[in-house]
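Worksheet for the structure shown next.
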Amino acid sequence: MNLFDEIKKKLSHEFIDIIEWLDDTNDTIVHRFERYQNEIKNNAKLIVREGQTAVFINEGQLADVFTPGTYTLDTKNLPILTTLKGWKYGFDSPFKAEVYFVNSRLFTDEKWGTKNPIILSDERFGLTEIRAFGTYSFKISDAGKFIVDVVGTDGNFTNYEVNEHLKSLIVTRFTDTVGEANLPIELYAANTSELSETCQDVMQPEFGRIGIELEKFYIENVSMPEELKKEIFEYSRLDKLDMGKLAQFKAAKAMEEAAKNEGGTAGAGMGMGMGFVLAQQMGSMMNPNAAPQPFGGQPTQGAVVPPPIPSQVMYHYALNAQQLGPVSLDKLKELFANRTINKDSLVWKQGMQNWTSLKEVEELKAFLGGSTPPPLPTT
């Protein structure tokens, strides 16, 4: 072997002839393949494993993208780079290009949360604050776009770096979504599944613009200040509370506690008295128009107790072969006046055996106008 063969052999070993990346980490998204002066030997082997994508960058421009497989790097497998380099008839000498391996597997259980509380307006409680946190999963769907728009020239890009960008995007879109939902404040925590799906639909286009696919988005918890939580609990209890039963319960508890106190019969008697007083007070709160009663619970002699308020008669009516109502007499009169119904329209109220035309119902005949009074009785 002569001197020139030795030099040629030595130079050939300076150029990379196998390009591959064995990922030994759990958090690397992009790895730049390092080699001497970025030179790659013609007909070098490119090995792209499952869960990887290889991206070639030439002088800052996106060139070729390779999915999993083994490739021989020549003008056939590097059409874009060949065009950028101006190789019309192939190439034999080494060439320069940056090679990035992109991890395309699914990154799961990534955390997100609101650093500052989100201010919402509620009809009952006014301006309120909530916080939220959860997890999401993503993967790189467009390696070329991701390299150009996010990674740049970073030689080792981890999921920590991309998460800092994604978390800001998530919190912004989450804030917009819950603000537009305009739900009662207590329903945010009760509808995390529906909110999660809505947020994922809203965020996906934003992720897609930088080559990322948002696979899953979860809201694990929506929290609010303790004072507001107590107000909501009290409000819900009052909304469902039977005040009559509450008064009886309070009176019974007062009597029970008084009976336990020291003082024997006197204490028990006082406890019973306090129970009666409490029951009367609760009854007065529920019915402020009720006449005052003495300690024994009997009405004060001479107190005037008004009769019960008569219940309003409600009517059903037929329109276009459909049953509508019930409505009050005034509402029925309004429907007749604006010609929604007429004298032949069928109506029914409680106590009637069958549907009857409006003109046949005695108290509704006044709607027709021009009614003739009955003859005077004979003497």
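Derivation of every value follows stated rules applied to the coordinates shown; laboratory data play no part. No experiment lies behind these values; they were computed from the predicted model shown. Neighbour counts are summed over all protein chains in view; Cβ atoms, including those assigned to glycine, are modelled from backbone coordinates with ideal geometry.
Some notes on this structure:
- Cα-based reach from Lys111 at 20 Å (exclusive), listing aspartates and glutamates while leaving out same-chain residues under 8 positions away: Asp27, Glu161, Glu164, Asp176, Glu194, Glu197, Asp201, Glu206, Glu213, Glu215, Glu220
- Charge tally for Arg49 (other residues, Cβ to Cβ under 15 Å; Lys, Arg +1; Asp, Glu -1): -2.
- Phi to ³J(HN,Hα) by Karplus 6.51 cos²θ - 1.76 cosθ + 1.60 over the stretch 56-62, Hz, x for Gly, Pro: 9, 10, 10, 6, x, 9, 5
- Listed residue pairs exceeding 19 Å between alpha carbons, taken from Lys85/Lys145; Lys115/Lys230; Lys167/Lys216: Lys85/Lys145; Lys115/Lys230
- Convex hull volume of the Cα atoms of the stretch 315-367, normalised per residue: 72 Å³.
- Note, ³J(HN,Hα) from phi for the stretch 313-330, Karplus 6.51, -1.76, 1.60, rounded to Hz, x at Gly and Pro: 6, 10, 10, 9, 9, 9, 8, 6, 6, 10, 8, 10, x, x, 10, 6, 4, 5
- Each of the peptides 48-55, 148-155 was scored by the mean count of other Cβ atoms within 10 Å over its residues; in descending order, highest first, they stand as 48-55, 148-155.
- For a straight C-alpha distance cut-off of 15 angstrom, the aspartates and glutamates reachable from Lys96 (same-chain residues fewer than eight places away being disregarded) are Glu14, Asp17, Glu34, Glu39, Glu59, Asp64, Asp74.
- Total formal charge among the other residues, if their Cβ is under 9 angstrom from that of Arg209, Lys/Arg +1 and Asp/Glu -1: -1
- Relative contact order (%) - the stretch 107-229, alpha-carbon pairs under 8 angstrom, separation at least six: 38 percent
- Net charge contributed by nearby residues that have their C-beta within less than 13 Å of Val347 (K/R +1, D/E -1): +2
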